[in-house]
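A.B. asks: Below is the structure I would like to discuss, written out as structure tokens.
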Amino acid sequence: MDLKKLLKELCELFGPPGFEEDVRTMIRKHVTPLCDSIEEDAIGNMTAWKKGKSDDVVMLDAHTDEVGFMVSHIDDKGFVRFVPLGGWDARQFPGSRVTIRGDKGFIPGAIGFSPPHITKPEERTKAIPPEQLAIDIGIKSKQEAADLGIRPGTPGILDGHIVELQNNRILGKAFDDRAGCAAAIYILNELKGKELPFTLAVNFATSEELGLRGAKVSAFRIAPKIALVLETTTAGDFPGVPSAQSPCEMGQGVAITVADRTMVTTPRMIRFLTEVATERKIPHQLKQPLFGGTNAGEIHLSRSGVLTGVLANPARYIHGPSSMLDFSDFENLVELAMASLEEIPRRLL
């Protein structure tokens with residue numbers, strides 16, 4: 001399985017929170033021949049099960065959604081108002097190209113803004129709140145929007161096609177968290193035909209960007225003893241960002257979460273992950289606290305508690321249409337996740 005090709009394939013898909021059908025369809029195509037069964041619940045979580053010698057369940061988790069937006073209103077001239085879905089930085093919106101998914105297909109457009117020629121000087125340096133912006137899809141009336149199947153509730157995303165850069169780096173959208181999904185699929189492929197000492201549940205969770213909603217449901221249903229969350233996180237190695245405010249850096253290996261706004265990782269799990277990485281000579285770093293949050297925040301609290309760790313790809317400009325990922329970090333994440341699965345029976349179960 002070509003890991004880079006898989007990553008690109010998943011990141012190009014349309015999948016804001018609650019509208020991840022295309023992503024699930026692609027994942028299902030890949031994992032069906034690699035697992036024993038697939039479950040999908042009412043809200044959109046999908047879990048691939050691989051039965052092992054023991055009923056003890058180890059869970060891998062990655063979320064399928066990307067930050068996006070939802071149509072809130074269309075005015076008489078056909079301009080589309082919207083509300084964000086997920087943790088957007090409002091500075092990203094003006095001038096960005098978008099894709100809206102109407103009832104009759106994908107519709108391109110752009111988030112309009114006043115050019116500097118007709119903008120007051122004091123307004124040019126301010127982030128414009130989303131409620132003051134509008135999407136222009138080239139139509140002239142509300143009826144044209146209706147004819148395209150655009151109405152309040154219609155989803156959309158900012159465009160960001162995948163581009164390969166120098167030094168094995170990749171530019172594009174949705175690395176958070178299609179990179180985690182790609183890693184999970186790749187790991188399942190590597191385990192094909194192998195008998196596991198535990199039962200593996202690979203969960204592809206919905207709506208992480210709206211408050212870890214899918215993970216709360218799926219963790220309760222799966223009831224794992226141990227969980228590893230495969231994520232993408234903020235790399236702050238950029239001019240103007242003090243080192244104390246940079247959670248991690250690109251090119252320095254997979255990031256192991258010590259603590260974030262949703263979970264403090266238990267020392268036992270931190271020791272386990274760092275020891276395995278050190279012994280296997282896998283480049284790694286500790287993500288500085290308390291930045292961000294992941295599905296681990298809900299998973300570790302499920303039922304009577306779950307021993308949970310987070311492995312993350314460092315990426316610059318996260319939650320934007322032009323995020324950047326170092327592919328070597330991604331490979332390190334996959335390697336450490338696979339090595340951890342090998343070591344879990346001996347060290348944690």
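The values are calculated or read from the model by the stated rules, or taken from the named source; none is laboratory data. Quantities reported herein were computed from a predicted structural model and do not represent experimental measurements. Note that each Cβ is placed from the backbone with ideal geometry, even for glycine, and that neighbours are counted across all protein chains shown.
A.B. asks: Determine whether the stretch 18-39 contains at least one residue that is at pLDDT 95 or above, part of a loop (DSSP other than H, G, I, E, B) and more than 19 Å from residue 99 (Cα to Cα).
C.D. replies: yes
A.B. asks: Could you check the stretch 198-216 and list, in sequence order, the residues that are in a strand (DSSP E or B) and over 11 Å from the mean Cα position of the chain (by Cα)?
C.D. replies: 199, 200, 201, 202, 203
A.B. asks: Which residue, of 195, 190, is acidic (Asp, Glu), in the same structural domain as residue 232 (by TED's automatic domain parsing) and within 20 Å of residue 30 (Cβ to Cβ)?
C.D. replies: 190
A.B. asks: Has the stretch 263-271 got at least one residue that is basic (Lys, Arg), within 25 Å of residue 166 (Cα to Cα), at pLDDT 95 or above and surrounded by fewer than 23 Cβ atoms within 10 Å (Cβ to Cβ)?
C.D. replies: no
A.B. asks: Applying the selection to the stretch 245-273, what residues are free of Cβ contacts under 8 Å to residues at least 24 places away in the same chain and more than 23 Å from the chain's Cα centre (by Cα)?
C.D. replies: Passing the criteria: 267, 271.
A.B. asks: Same structure, new question: Mind listing whichever residues of the stretch 186-212 are of a type in the set (Val, Ile, Thr) and either surrounded by 24 or more Cβ atoms within 10 Å (Cβ to Cβ) or free of Cβ contacts under 8 Å to residues at least 40 places away in the same chain (or both)?
C.D. replies: 202, 206
A.B. asks: Now for a different question. Mind telling me which of the residues 258, 306, 264, 310 ends up being of a type in the set (Val, Ile, Thr), closer than 29 Å to residue 67 by Cα, assigned by TED's automatic domain parsing to the domain that holds residue 340 and in contact with a Leu (Cβ under 7 Å, 6 or more places away or on another chain)?
C.D. replies: It is 258.
A.B. asks: Also, I was wondering about something else. Among the residues of the stretch 291-301, is there at least one that is at pLDDT below 95, in the same structural domain as residue 243 (by TED's automatic domain parsing), of a type outside the set (Val, Ile, Thr) and surrounded by fewer than 19 Cβ atoms within 10 Å (Cβ to Cβ)?
C.D. replies: yes
A.B. asks: Please go through the stretch 135-175 and pick out each residue that is in a strand (DSSP E or B) and touching a Ser or Thr at 6+ places or on another chain (Cβ under 8 Å).
C.D. replies: Within the stretch 135-175, 156, 157, 158, 171, 172 meet the criteria.
A.B. asks: A further question on this structure: Of everything in the stretch 1-34, what is more than 15 Å from the chain's Cα centre (by Cα) and of a type in the set (A, V, I, L, M, F, W, C)? Give them in sequence order.
C.D. replies: 1, 3, 26, 31, 34
Every residue, every condition in (1) over 29 Å from residue 168 (Cα atoms); (2) in contact with a strand residue (DSSP E or B) (Cβ under 6 Å, 6 or more places away or on another chain), yes or no:
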site	(1), (2)
294	no, yes
299	yes, yes
302	yes, no
326	no, yes
330	no, yes
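A.B. asks: Which one of the conditions (1) surrounded by 15 or more Cβ atoms within 10 Å (Cβ to Cβ); (2) within 24 Å of residue 342 (Cβ to Cβ) does residue 249 fail to meet, given that it meets all the rest?
C.D. replies: All conditions pass for residue 249, except number (2).
A.B. asks: Assuming residue 147 fulfils every condition listed in (1) over 20 Å from residue 13 (Cβ atoms); (2) of a type in the set (Asp, Glu); (3) surrounded by 15 or more Cβ atoms within 10 Å (Cβ to Cβ) apart from one, which condition is it?
C.D. replies: The single condition residue 147 does not satisfy is (3).
A.B. asks: Do we find that residue 221 is within 30 Å of residue 19 (Cβ to Cβ), in contact (Cβ under 8 Å) with a residue 12 or more places away in the chain and not in a helix (DSSP H, G or I) in this structure?
C.D. replies: So residue 221 fails the test.
A.B. asks: Taking the condition closer than 30 Å to residue 159 by Cβ, of a type in the set (Val, Ile, Thr) and touching a Ser or Thr at 6+ places or on another chain (Cβ under 7 Å), does residue 294 pass?
C.D. replies: In short, yes.
A.B. asks: Taking the condition at pLDDT 95 or above, in a strand (DSSP E or B) and assigned by TED's automatic domain parsing to the domain that holds residue 205, does residue 60 pass?
C.D. replies: Taking the combined requirement at face value, the residue satisfies it.
Per-residue answers, yes or no, for (1) hydrophobic (A, V, I, L, M, F, W, C); (2) in contact with a Pro (Cβ under 8 Å, 6 or more places away or on another chain):
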position: 13; (1), (2): yes, no
position: 53; (1), (2): no, yes
position: 61; (1), (2): no, no
position: 65; (1), (2): no, yes
position: 80; (1), (2): yes, no
position: 94; (1), (2): no, no
position: 110; (1), (2): yes, no
